[in-house]
Amino acid sequence: MNIGVLIPLIIFLIAIFAIGFIASKQMGSGGSFLQDYFLGGRELGGFVLAMTMVATYGSASSFLGGPGTAYTVGFGWALLAMTQVVTGYFVLLILGKKFAILSRRYDAVTMIDFLKARYNSPAVAILAAIAIIVFLFSAMTAQWVGGGRLIESLTGLSYTSALFIFAISVLVYVTIGGFRAVALTDAVQGAIMVVGTLILLIGVIIAGGGIPAIMQDLLNENPNLVTPFGADRSLTPAYVSSFWILVGVGVVGLPQMVVRTMSYKSSKAMHRALAIGTIVTGFIMLNMHLIGIFARPVLPGIEVGDKVIPLVALEVLPPWLAGIVLAAPMAAIMSTVDSLLLLVSSAIVKDVYLNFIKPDAPEQKVKMLSFGITGVLGIIVFLLALQPPDLLIFLNLFAFGGLEAAFIWPIVLGLYWKHGNKYGALLSMFTGIGSYIAIHFYNQEYGNLLGVHTVTLPVVLSLLAYLIGSLAVKREPFKF
């Protein structure tokens, strides 16, 4: 156990707890408990909005799984990862003002609130809640695994003990602080990610003898490592181009991103977030994946890809500096976990309990239920994460694809096409989820269908289903 590494991490965790505690004291000061707990009172400024989007999207996949895969695959995976640069810009551009205006008009606290009001359909709301709960459990499990592996690498504790420490750390500040704590800590964590990424990249380049020496080592080992096609030439043009649907276009359908477009306070804040978010995302994605590739000659033979970043940080940096740098992946993981926890909690409390079981529940009961559900969800995910996969990035991307296939068209066409109705939304969601799961298992067994990423065909099929369902059973055009 390296005390020099642990001290900066412990200071970081104390600071996060302090922010959660301060945020909990402000709860309810700006209005209802639900607005504050799940949306931060819709008061986010441009910098905080940008950083909470970056921190939420930049998860264990970006800081552990992605670089770990780049370590294995080479520059082709870094090229693939750079398709994510425009993610925040694209989400705010497509949803942005219109979604924020309509969500305020409907007094929507969650994405499901919006879907229920837009389609005037309890069935749409129930199916959406089920999809969020099922797929986000996969995404949360991936983050829990990432946090556990990071602490395991740093402390020498068993994976189970490390996972337990991580779970307790997250649950304490999310449960008491809600969305306001999540957004404020995301701003701090986003800044840590930027600084940590830069320091580690410089450290790896120096340890490898400079970029020319690292490139020569990679060429000597396997020339395919420095091509766009990957070490085993598995990254075909069709797969790479279709991957952008998953991490670019389709991100508009991710509930954890959608809810952030409901939470900013002004158009000025949104425009500022567009610029800041795009720059920060590009900086982090490029540099973290380069670190993964450059680490291969510096520290060869790492078998578990998710351990590449913590192991190389411990190798190339002094212990105290490694502790500061490794606060970056810890920040990325925690910032995503807290957002996903609140999303699933809101789906259960707001979208199921308050909408269908007890609409007139007193605020105090809702408050206690929100705290309780958030805590119970964390415990369940902890149990699921006890048997981790080898590369958590693929567990995370599975959840991303399922959510995108379910929600992209009911959200986007629900905003921009007045003839879209509940029949189109239901058929689109059933088709998207069903085809995604079926194609996922087909690809696991036989290889990628048509050579494209798993999410590609379900997104196309769900679009056709939305159009067919809406046009086959015509309703009164929706009035925006």
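The values are calculated or read from the model by the stated rules, or taken from the named source; none is laboratory data. Not measured: the values here are computed from a predicted model. Note that we place each Cβ from the backbone using ideal geometry, even for glycine, and neighbour counts take in every protein chain shown. For the accessible areas, the whole protein counts, side chains as well, though only heavy atoms, and no ligand, DNA or RNA atoms are used. Shrake-Rupley method; radii C 1.70, N 1.55, O 1.52, S 1.80 Å.
I'd like to check one number: the per residue accessible area of the chain, probe 1.4 Å, reported in Å² as a whole number.
Result: 36 Å² per residue.
Taking a ≥ b ≥ c as the square roots of the eigenvalues of the Cα gyration tensor of the chain, is the shape rounded (a/c under 1.5), prolate (a/b larger than b/c) or oblate? Please report the intermediate quantities before stating the final value.
On the way: a/c = 1.87, a/b = 1.31, b/c = 1.43.
Cα axes put the chain in the oblate bin.
Could you point to the residue in Ile245, Leu163, Ser153 farthest towards the positive end of the chain's charge dipole, with +1 and -1 charges on the Cβ of Lys/Arg and Asp/Glu respectively?
Ile245
For Cα pairs less than 8 Å apart in space and 6+ apart in sequence, what is the mean separation divided by the residue count of the chain, i.e. the relative contact order in percent?
Details: 845 pairs, mean separation 148.3, N = 480.
Dividing the mean separation by the residue count of the chain yields 31 percent.
Can you give the calculated 222 nm mean residue ellipticity of the chain, where each DSSP H run of n ≥ 4 adds -39,500 (n - 2.57) and the sum is split over every residue, rounded to the nearest 500 deg cm²/dmol?
-24500 deg cm²/dmol
In a Debye calculation with equal point scatterers on the alpha-carbon sites of region 354-466 and no solvent, what is log10 I(q)/I(0) at q = 0.13, 0.14 Å⁻¹?
Log10 of I(q)/I(0), two decimals: -0.74, -0.81.
Of the peptides 442-449, 66-73, how do they stack up when ordered by the mean number of other Cβ atoms within 10 Å, highest first? Don't jump to the answer; show the numbers that get you there.
Details: 442-449: 11.6, 66-73: 26.8.
Descending mean neighbour count gives 66-73, 442-449.
Once fully extended, how much extra length lies between Thr236 and Phe283, figured as 0.36 nm per residue of separation less the alpha-carbon to alpha-carbon distance?
On the way: separation 47, 0.36 × 47 = 16.92 nm, distance 2.51 nm.
That works out to 14.4 nm of additional length.
Counting only complete DSSP H runs, which helices of the chain cover 30 Å or more along their long axis at the Cα atoms and score a mean Kyte-Doolittle of -1.0 or above?
On the way: long enough: 3-26 (35 Å, 2.28); 122-155 (48 Å, 1.54); 159-207 (42 Å, 1.93); 267-298 (47 Å, 1.03); 327-348 (31 Å, 1.65); 363-384 (31 Å, 1.42); 392-416 (35 Å, 1.80); 422-446 (35 Å, 0.24).
In the chain, the long hydrophobic H runs are 3-26, 122-155, 159-207, 267-298, 327-348, 363-384, 392-416, 422-446.
With each label point set 7 Å from Cα along the Cα-Cβ vector, what nm distance links Gln216 and Lys358?
7.1 nm
Run the accessible area of region 395-468 with a 1.4 Å probe and give the carbon-and-sulfur part as a rounded percent.
Carbon-and-sulfur percentage of accessible area, whole number: 72.
Dipole of the chain (Lys/Arg Cβ +1, Asp/Glu Cβ -1, origin at the Cα centre): which of Gly209, Ile101, Val188 lies farthest to the positive side?
Value: Ile101.
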